[in-house]
Amino acid sequence: MLSALLAGFLAVLAFLYINAWKKRRNLPPGPAPWPLIGNLHQINAVAPYDTLTQLGEKYGNVYTIYFGWKPTVVLYSYDTLKEALIGQGDDFSGRAILPVFERIARRKGMVFSNGPHWYQQRRFSLTTLRNFGMGKKSIEDRVTEEANFLLEIFKARNGKPFNPGPEVTAAVSNVICSIVFGDRFDTQDKTFQTLHRMINENLTFLGRRGFQMYNAFPEILRWLPGEHNKIFLNGSMLQSFLRGLIENHVLSCDSNCPRDFVDCFLNKINEEADNPGSHFTMESLTMTTFNLFIAGTGTTSSTIRWAIKFMMEYPEIQKKVQAEIDDVIGSEKCPSLEHRVSMPYTDAVIHEVQRYASIVPNGLPHAALNDIKFKGYTIPKDTQIITFLHSALYDKKYWDKPDQFNPNHFLDENGKFVKNEAHIPFGAGKRSCIGEALAKTEIFIFFVSFLQKFNLKFPPGENGPIGLIEGGTRDPKPFNMCAEWRL
């Protein structure tokens, strides 16, 4: 009896393996998958982007790996990403709704949706955010306000060691909160801090083996204990918090005088109340604000923390930035985006921070909404696609010594700032980050404000190489700094 069961099990495995092999024939090349687990055993659990880089060097600019039985096509190098995301933008505009995202977002909102729902949510969000100042000079006042709060917190430390991470995250989060909800939060508020902790936990989970395993075997793991359950609980609690803020808006909203993004969305819901097929509902509002809250907090605050860390790591670069700040802005005037054109070295440093940090190395997963013909291969409908942004930011064709932190990547021989088309930390094409303009404003004003007022130093005995948190984003491990008043 036992031998018959074993024989049957092996027969099923053989059938599945042969079936998977047949499906691979028209896909790009890649490492041979194992039965059931695919290539999961080959993925670096701490730094999956290292594995993707090694496979790209071996198999070329388009290759296939397997998470469980499901194939995933990886786009490697800037030229490949450009050809796909720009040259065939419509083909590659789909979002892969992986089981983790399906359970958290339920195909609603702006990020984890496709088709008319995604299009309408994105178009409305872009228009409304721009109306409230995103990408315009008027948003600078909100960013400057938060920067000044941070400066006071840093100054109160009196040059003693402290971890700037929580305060930076709260300040960045408050900028998007002021646009979306019309108000800021006390950075010391325990609920606010708990929300940020949950965001960090969820972003970290995206790069862990548990994320890959759940997406490969959701029907099994949804019934088992594990870290994934905490992630789903975090998502539910974050959404409940946001629904509470939305309900408060419902009670006080004046349709003739919208105060913020939520008020505008509520007006849109009322406009389409008689449309049974409307994509503007309370659920989609919750999910879209959920997207904005997380996206407007995590990656920008991580970039600023990287920038602080680099300035302590390279004091000679910090001094050059400060000299340029002193020359262009002085010690009293608040930094503004209009100063950036006159500060090529500072601009180059910020761009190099974004390049080297490679905050979202894999990008968010795309999907083939239909069969895609690309570079002689056929990518079948519903196949997950990794737009490997890290490969562009470290592409040796476009960067001299990409493994080194060097602001000269963005400077010509005369010290003038020069763009590099392979610099795509916000992605490219139809799924690029809608908050790019806001993020650039925040990073510039926060960074310049810090170095205008303070010398940033390692506490005695604490300097060392930059450590990374294992996760879906490349975040520096928490660190302490000393902020010594310059003036």
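Name every residue in segment 48-78 that is over 19 Å from PRO218 (Cα atoms), under 21 Å from the mean Cα position of the chain (by Cα) and buried (at least 16 other Cβ atoms within 10 Å of the Cβ), in order of residue number.
PRO48, TYR49, THR51, LEU52, THR53, VAL73, VAL74, LEU75, TYR76, SER77, TYR78
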Open item on the list: Among (1) closer than 24 Å to SER77 by Cα; (2) in contact with a Ser or Thr (Cβ under 6 Å, 6 or more places away or on another chain), there is one condition PRO335 misses while meeting the rest; what is its number?
Closed with: (1)
Open item on the list: Taking the conditions exactly as written (touching a helix residue (DSSP H, G or I) at 6+ places or on another chain (Cβ under 6 Å), closer than 27 Å to ILE246 by Cα and not in a helix (DSSP H, G or I)), does MET198 satisfy them or not?
Closed with: no
Task: Given (1) closer than 30 Å to SER125 by Cα; (2) free of Cβ contacts under 8 Å to residues at least 40 places away in the same chain, index of the condition TYR63 fails - done: (1)
- [ ] State whether the residues of segment 84-102 include one that is charged (D, E, K, R), in contact with a Gly (Cβ under 9 Å, 6 or more places away or on another chain), outside any strand (DSSP E or B) and over 19 Å from LYS373 (Cα atoms).
- [x] no
- [ ] Show the residue pairs that are 6+ apart or on different chains and have beta-carbon atoms under 8 Å apart, the first residue being within segment 318-340 and open to solvent by 20 Å² or more (accessible area, probe 1.4 Å), the second being at pLDDT 95 or above and aromatic (Phe, Trp, Tyr).
- [x] LYS320/TYR345; GLU324/TYR345; LEU337/PHE444; ARG340/PHE444
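Counting only residues that are within 30 Å of CYS257 (Cβ to Cβ), in a loop (DSSP other than H, G, I, E, B) and open to solvent by less than 80 Å² (accessible area, probe 1.4 Å), how many does segment 128-170 have?
Taking segment 128-170 and keeping what is within 30 Å of CYS257 (Cβ to Cβ), we get 128-149, 170.
Next cut, in a loop (DSSP other than H, G, I, E, B) only: 132-138.
Pick out the ones that are also open to solvent by less than 80 Å² (accessible area, probe 1.4 Å) and you get 132-135, 138.
Summing the residues that are within 30 Å of CYS257 (Cβ to Cβ), in a loop (DSSP other than H, G, I, E, B) and open to solvent by less than 80 Å² (accessible area, probe 1.4 Å) in segment 128-170 gives 5.
Counting only residues that are open to solvent by 60 Å² or more (accessible area, probe 1.4 Å) and either under 19 Å from ILE372 (Cα atoms) or assigned to a helix (DSSP H, G or I) (or both), how many does segment 103-127 have?
At the first step, the residues of segment 103-127 found to be open to solvent by 60 Å² or more (accessible area, probe 1.4 Å) are 103, 106-108, 116, 119, 123, 127.
With the extra rule that they be either under 19 Å from ILE372 (Cα atoms) or assigned to a helix (DSSP H, G or I) (or both), the set shrinks to 103, 116, 119, 123, 127.
Residues flagged as open to solvent by 60 Å² or more (accessible area, probe 1.4 Å) and either under 19 Å from ILE372 (Cα atoms) or assigned to a helix (DSSP H, G or I) (or both) within segment 103-127 amount to 5.
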- [ ] Spot the failing condition for ARG259; the list is (1) in contact (Cβ under 8 Å) with a residue 24 or more places away in the chain; (2) assigned to a helix (DSSP H, G or I), and only one is missed.
- [x] (2)
Open item on the list: Looking for something at pLDDT 90 or above and part of a loop (DSSP other than H, G, I, E, B) - is there at least one such residue anywhere in segment 311-329?
Closed with: yes
- [ ] Quick one: in segment 405-419, of everything that is in contact (Cβ under 8 Å) with a residue 12 or more places away in the chain and outside any strand (DSSP E or B), which residue is nearest to ASP475 (Cα to Cα)?
- [x] PHE405
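Does segment 201-209 include one or more residues that are over 19 Å from the mean Cα position of the chain (by Cα) and touching a residue at least 60 places away in the same chain (Cβ under 8 Å)? Outline the logic, then answer.
Filtering segment 201-209 for residues over 19 Å from the mean Cα position of the chain (by Cα) gives none.
No; the residues of segment 201-209 include none that is over 19 Å from the mean Cα position of the chain (by Cα) and touching a residue at least 60 places away in the same chain (Cβ under 8 Å).
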- [ ] Being under 21 Å from ILE434 (Cα atoms) and open to solvent by less than 20 Å² (accessible area, probe 1.4 Å) is the filter here, so list the residues in segment 79-97 that pass it.
- [x] LEU81, ALA84, LEU85, GLY89, PHE92, SER93, GLY94, ARG95, ALA96
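Which members of segment 373-385 meet the condition of being open to solvent by 20 Å² or more (accessible area, probe 1.4 Å) and either modelled with pLDDT under 95 or more than 19 Å from THR51 (Cα to Cα) (or both)? Steps first, answer last, please.
Applying the first criterion (open to solvent by 20 Å² or more (accessible area, probe 1.4 Å)) to segment 373-385 yields 373, 375-378, 380-382, 384.
Answer for segment 373-385, where residues must be open to solvent by 20 Å² or more (accessible area, probe 1.4 Å) and either modelled with pLDDT under 95 or more than 19 Å from THR51 (Cα to Cα) (or both): LYS373, LYS375, GLY376, TYR377, THR378, PRO380, LYS381, ASP382.
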Task: Pair list, Cβ < 8 Å and 6+ apart or interchain, from segment 46-57 residues that are over 14 Å from TYR394 (Cα atoms) to residues that are of a type in the set (Asp, Glu) and not in a helix (DSSP H, G or I) - done: VAL46/GLU470; ALA47/GLU470
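Within segment 210-235, count every residue that is surrounded by fewer than 21 Cβ atoms within 10 Å (Cβ to Cβ) and more than 20 Å from the chain's Cα centre (by Cα).
Just the residues of segment 210-235 that are surrounded by fewer than 21 Cβ atoms within 10 Å (Cβ to Cβ), to begin with: 210, 213, 216-227, 229-230, 232-235.
Retained after the next criterion (residues that are more than 20 Å from the chain's Cα centre (by Cα)): 213, 216-227, 229-230, 233.
Of the residues in segment 210-235, 16 are surrounded by fewer than 21 Cβ atoms within 10 Å (Cβ to Cβ) and more than 20 Å from the chain's Cα centre (by Cα).
Find the residue count for segment 357-372, including only residues that are open to solvent by 50 Å² or more (accessible area, probe 1.4 Å) and either among the aromatic types (Phe, Trp, Tyr) or within 17 Å of LEU438 (Cα to Cα) (or both).
In the first step, residues of segment 357-372 are kept if they are open to solvent by 50 Å² or more (accessible area, probe 1.4 Å); the result is 364, 369-371.
From what is left, the residues that are either among the aromatic types (Phe, Trp, Tyr) or within 17 Å of LEU438 (Cα to Cα) (or both) are none.
Number of matching residues: 0.
Among the residues of segment 330-343, what is the count of those that are assigned to a loop (DSSP other than H, G, I, E, B) and closer than 28 Å to ILE466 by Cβ?
Residues of segment 330-343 that are assigned to a loop (DSSP other than H, G, I, E, B), as a first pass: 330-336, 343.
Still in the list and also closer than 28 Å to ILE466 by Cβ: 335, 343.
The total comes to 2.
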Task: Selection from segment 429-487 of residues that are surrounded by 19 or more Cβ atoms within 10 Å (Cβ to Cβ), in a loop (DSSP other than H, G, I, E, B) and touching a strand residue (DSSP E or B) at 6+ places or on another chain (Cβ under 7 Å) - done: ARG474
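The values are calculated or read from the model by the stated rules, or taken from the named source; none is laboratory data. Values in this document were obtained by computation on a predicted structure and should not be read as measured data. Every residue, glycine as well, gets a Cβ built from its backbone with ideal geometry; the counts of neighbours run over all protein chains shown. Just the protein is used for accessible areas: all its heavy atoms, side chains included, with ligands, DNA and RNA removed. Shrake-Rupley method; radii C 1.70, N 1.55, O 1.52, S 1.80 Å.
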